[in-house]
Each structure stands twice: as C-alpha cells, then as structure tokens.
Amino acid sequence: MNCNSYLFRNLSPEAKTALTRRQFVGKGASVLGTAALGTLLGQTGAIGALGDVRSVPHFVPKAKYVIYLHMVGGPSQLDLYDYKPGLAEMYDKDLPDSIRNGQRLTGMTSGQARFPVAPSKFQFAQHGKSGMWVSELLPQTAKCVDDMAFIRSMHTEAINHEPAITEMQTGSQIGGRPCMGSWVSYGLGAVNQNLPTFVVLVANPTNREQEQAISSKLWSSGYLPGEHAGVSFRSKGDPILFINNPPGVPQALRRRSLDSINALNTLNLDALGDPETRTRIQQYEMAYRMQSSVPELTDLSKEPQSTFELYGEDARTPGTFANGALMSRRLVERGVRFVQLYLNNWDHHGNLAKRMPSQCKDIDQATFGLINDLKSRGMFEDTLIIWGGEFGRTVYSQGGLTRENYGRDHHPRCFTMWMAGGGAKGGTVYGETDDFSYNITRDPVHVRDFHATIMHLLGIDHERFTFRSQGLDFRLTGVEKANVIQALLA
C-alpha cells in the first residue's frame, strides 16, 4: 500500500478535508479560474476545504466591512436610550410582581428583601427627524441618530457575563465556537494581503472600578481554520509581539529563514494534510508582510489636526477608546474586513451615577467622530458600525438607592443596541419595552436574529453559510429559527 494512502486513511475527518497544494492543482483549471475571479472581486476566502467554491456572498452585499464596538459589562439602556419618564413617580416603590413575573435573578440581588424602582437621574431629549430619545450623557452621539438604526428590544437567555458575551460574539453560550469576525473572515476573505482580515482592539476605560475579564476565546476561530482567528493589537509597545526583527537579524536573513521553515511545513502538509500546518504557513507569511504594513498603519503622525478635532485629543493616546475608533477607521480604510473594539467597565452594579458619565465621555466624541469621518471619506455606506453590550440592566436598584446614586443588576430580557452605515436603515427605532424597560411589548429581536441581519447586510444567507465539523453542519445562528429583521435594512 502507498504510504501516503495509508496516512490519508488514518487522518481525522477535519484533516482529510484540508486542501493540500497537490490536491488543489489536481482539481483543474476551472477551480483555478474561479479562484482568480474571486481574488479580483476581493473574495479570496472563497475556496472551501475540498477545493469547491463556496457561493459567498450569496447576493450583492450592502456592507463590505464591520466595526463592532462592544461595551463589555452591559450598558444600562435605562440611562442611555430607553427613556421611561413615568418611572419618576415610581421612585423607591417595589417593582410589581406582575412585571418581574418570576424572572431568574443573579446571586447578587436574589437575596434582596425588596426590589425598589430606580428612575434614571439623567435628563433625556429627543433628537433628529426620528425623534429618538437620548440621554444627556451622549450629546455628540445624539447628533447622529438619523444615521442609526436602534433596536430597543434585544434579548438573550444568558444572565451572567461569560455566557452572555460568548453568545453575543459566537452565537452560543458554549465556548469554543467561532466568533462573528471569524465567520466573516472565512466567508469573505481578505482585501489587503498585508494585514489580517480580522483585528481586535481592547481599549482601557478612564474609570476602572469594576472591569470584566476579556479573553482571547472571544475572537477565536473555533472549528474554522485557524487563520480566521482575530489578531489582537496591543496598546503599549509594539502593536504585535515580535513584529520587529531581533537585533542583528537583517530582513534578508528573516526571509531566508521563513522560506526554509515554510518548505518543511509544506512537505508535512502534502504528506498529512493537517489543516493546522496550512494555517502555520499562512500565518508565518502574514507576519512577515505585517512587518512593513503595521508600522505605517499605527503611525498617526500624518493625520491632520482636523482628525483629532473630530475624534477628540484622546485619539492621540494609544489604548483609549478614541484611539481605537480612529484605528478602526484606518484598518477598514486599508481593507481589514472586521474590526472588534472592546471597552470595559459597563458593569454598573453600584455607583452608576458617578461611573456612567466617565464611560460615556470615553465613547461620545469618538463615536461621533468615527461616523462622520467615514461619511467624509465615502466609506460609511460600505462600513457597518455596531454598538452594544451583552445584556442590559434592571430597573430596580441593586444595593442602596438614593435619588442621586444607585446600581443596576444584569437584565437579559430587554436592552438596546444600534447599527449605522453598511446598509442599516438610519433613523429607525425598532421594538418597544414596557413602562419599566423590563419586558418587550413589541418586535423582539434575539441575538441570533441580530446575527442573521448582520450576515444579510454582508451578502450572506445565514441558513446556507455552514461549516462541517465532527460530522455536523454548524452555522453562526445555530439550529433554532433566526429571522433577518427587514425593518432595519435600508
């Protein structure tokens, strides 16, 4: 028996489906021609594991790029976007049992003797033609409401941070699944061969009173090929570890070293078809190309003063949200498909009145700047901006309650998110909640519906976009029914 045949028969199913260079060439000119067409169209991720061409995008996309602004911890919809004026008369009264209706509570409030209603201490006003209510904490963002599609009726089953943020990022509360950015990278591929398709930025909040853990599993590729995992850029030192050659190692020597390593890896790939070996080859080459592209990307010295007037002076400081917003524009401007920007410290169990203003100051000017910067460059229509957290906050106070300060516990039953650009219908306010912002009264939107809608804007039919792993066909939206929310589409 041929040695390679024996090895192939004993490979795992995933390894058998890996595309080796020899198999790819053997598929013939038709596949090569289609691959070339995909490259010309900017869809270099269009070749599937067996050399078959995935029909992605399934239809003409409205968005080519995504910038996802995730507020880690769960921002309070009651203090930002879901205005409930009638609560002023309910101050410190018990939340009616008919409203809570036996909802599961976290361990942080389940032992409370009562659940006193805490109206927002912040003032609200209507803005734009849409008349969207926005808190006084976001005066610059409020100027953009007619560019935004608000969803007031988001909901999830997860009541604690880890499963909730995992579901928001991957479509499942169970860890180990690919995140949305990895799905987009896998489906649509690269535009700029010198930068990753999926980049992650983690901003540092000004107030760091109660931060949640942010782990790399949130930008994992899961069972997708490893090259589709997010590449995390650091805010201090080199943006990426080892981006520079060690002292005494010239570029020519680095190139020869990589050629030798890749030759050995290619021999191993041809013999065994291990998909991780293919990933290793690609990542070595990407790292080499990034040595020239990343320093130019992160150098803000050529940005005009008007840029920092738009985003705020904090945009000059690495690690701030404003800097991350500016970097997000520079990334998509250079062809990065998906940028994930995290900002921590939205978990306001206590001291909300003092912490929330700081959080909003971090994001307000920068969000306004990002939207208007993209518009001025003609990129807004192609770039989908997403803003939101993993769940909302309760109307009742956690801990002590005064008119000037209070805390709020986790609330998965309803919360607010928004989208802008990239085919989202600006000026839309979708969904309604009850007078306590506790239950949804109209047009609920589950996390999987939200994911299906985002995929649709990218030209992807979420029901047809699958990946086979361990004998099952997986998709971002899972097995339960997910609906594209047509009212959110321009």
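What follows draws every value from the coordinates through simple rules; no lab data is involved. Given the structure is predicted, the values throughout are model-derived calculations rather than measurements. Reconstructed Cβ throughout: ideal geometry from the backbone, glycine too, with neighbour counts over all protein chains shown.
Assuming R0 = 25 Å, what is the FRET efficiency of Lys236 and Lys143, from their Cβ-Cβ distance, to the nearest 0.05?
With a Förster radius of 25 Å, E is 0.15.
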From the C-alpha coordinates alone, can you work out the Kirkwood hydrodynamic radius of the chain, in Å? 23.9 Å
Rounded tilt (10° steps) of 29-40 against the dominant C-alpha axis of the chain: 40 degrees
Hey, can you grab everything whose amide H is under 5 Å from the amide H of Tyr430? Only 5+ residues off in sequence or another chain; H modelled, so Pro and N-termini drop out. Phe150, Ile151, Arg152
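Suppose we keep just the DSSP beta bridges with both residues in the chain; what percent of those would be antiparallel, to 5?
Details: 24 of 50 bridges.
Close to 50 percent.
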Below 18 Å, Cα to Cα, which aspartates and glutamates can Lys302 reach? Residues fewer than 8 away in the same chain don't count. Glu313, Asp314, Glu333, Asp373
Stretch gain in nm, segment Ala113-Glu89, where the contour uses 0.36 nm per residue and the Cα spacing is subtracted: 6.5 nm
Evaluated over region 189-333, the Cα radius of gyration and Dmax, each in Å: 17.8, 57
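Grab the beta carbon distance between Ser216 and Arg316, set R0 = 41 Å, and tell me the FRET efficiency rounded to 0.05. Each step should come with its number before you reach the end.
On the way: r = 27 Å, r/R0 = 0.67.
Given R0 = 41 Å and the Cβ-Cβ separation, E is 0.90.
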Return the distance in nm (one decimal) between the two label points of a simple spin-label model at Gln103 and Asp461, each offset 7 Å from Cα along Cα→Cβ. 3.7 nm
Nearest 10, in degrees from 0 to 90: the angle of helix 447-457 to the longest Cα principal axis of the chain is 60 degrees
The residues Ile363, Ile159, sorted from fewest to most surrounding Cβ atoms within 10 Å, come out as Ile159, Ile363
Which order do the peptides 443-451, 391-399, 135-143 take when ranked by the mean count of other beta-carbon atoms within 10 Å per residue, highest first? 391-399, 443-451, 135-143
If each residue's Cβ is checked for other Cβ atoms within 10 Å, how do Phe467, Phe198 rank with the fewest at the top? Phe467, Phe198
Enter the angle in degrees (range 0 to 90, nearest 10) between the Cα long axis of helix 352-376 and the first principal axis of the Cα atoms of the chain, meaning the one along which they spread out most. 50 degrees
Order of Lys64, Lys93, Lys302 - criterion: other Cβ atoms within 10 Å of each residue's Cβ, fewest first: Lys302, Lys93, Lys64
Spin-label point model (7 Å from Cα, Cβ direction): what's the Ile174 to Ala263 distance in nm? 4.5 nm
Qualifying lysines (Cα of each under 18 Å from Cα of Lys129; at least 8 residues distant if same chain): Lys143, Lys425
